[in-house]
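Chemist: Pasting a structure below so you can have a look.
The values are calculated or read from the model by the stated rules, or taken from the named source; none is laboratory data. None of these values were measured; they are calculated from a predicted model. As a convention, Cβ positions derive from the backbone with ideal geometry for all residues, glycine included, and neighbour counts pool all protein chains shown.
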Amino acid sequence: MLMRDHNSNDAYSISQIIPGLMKKFGIEEQHWLTVLEKEWSDIVGKAVAKHTRPGRLEKRKLVVFVDSSVWLNELVRYSRGKILANLQKRFGQDKVRSIAIQLDPDGA
């Protein structure tokens, strides 16, 4: 579907318009988190995905929730860099610049 700007002869595809509308209505981040949740297992691996979930994005820092202090320690010590690299590879370095890992406040 193409739309035309009333002030010019330039045509825009719907894929060019939707990101701006999502940002305007404040749903861009929520949509991104939904996509991230669907791809989480592929990004972090099945074993890690069983014990973690993406939380929220705060100023390009992704908060990752983990279900136990054992997994928290393991991920902070050994996997934080790999998770960040995988996120940046999938979504770009500007989307996620760092990650914080913390215990899940919902106890999930």
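Chemist: Return the pairs, sorted by first residue and then second, in which the second residue is in a helix (DSSP H, G or I) and not basic (Lys, Arg), the first residue lies in region 69-86 and is surrounded by fewer than 15 Cβ atoms within 10 Å (Cβ to Cβ), the beta carbons are less than 9 Å apart, and the residues are 6+ apart or on different chains.
Modeler: Going by the 9 Å Cβ cut-off, the qualifying pairs are Lys82/Val44.
Chemist: Out of all the residues in region 48-62, which are among the small types (Gly, Ala, Ser) and in a helix (DSSP H, G or I)? First the steps, then the outcome.
Modeler: Filtering region 48-62 for residues among the small types (Gly, Ala, Ser) gives 49, 55.
Answer for region 48-62, where residues must be among the small types (Gly, Ala, Ser) and in a helix (DSSP H, G or I): just Ala49.
Chemist: Among the residues of region 24-49, what is the count of those that are surrounded by 12 or more Cβ atoms within 10 Å (Cβ to Cβ), out of contact with any strand residue (DSSP E or B) (no Cβ under 7 Å at 6 or more places or on another chain) and at pLDDT 95 or above?
Modeler: Qualifying residue count, region 24-49: 6.
Chemist: Being within 16 Å of Trp40 (Cα to Cα) and more than 12 Å from the chain's Cα centre (by Cα) is the filter; apply it to region 90-103 and report the residue that is surrounded by the fewest Cβ atoms within 10 Å (Cβ to Cβ).
Modeler: Selected residue: Ala100.
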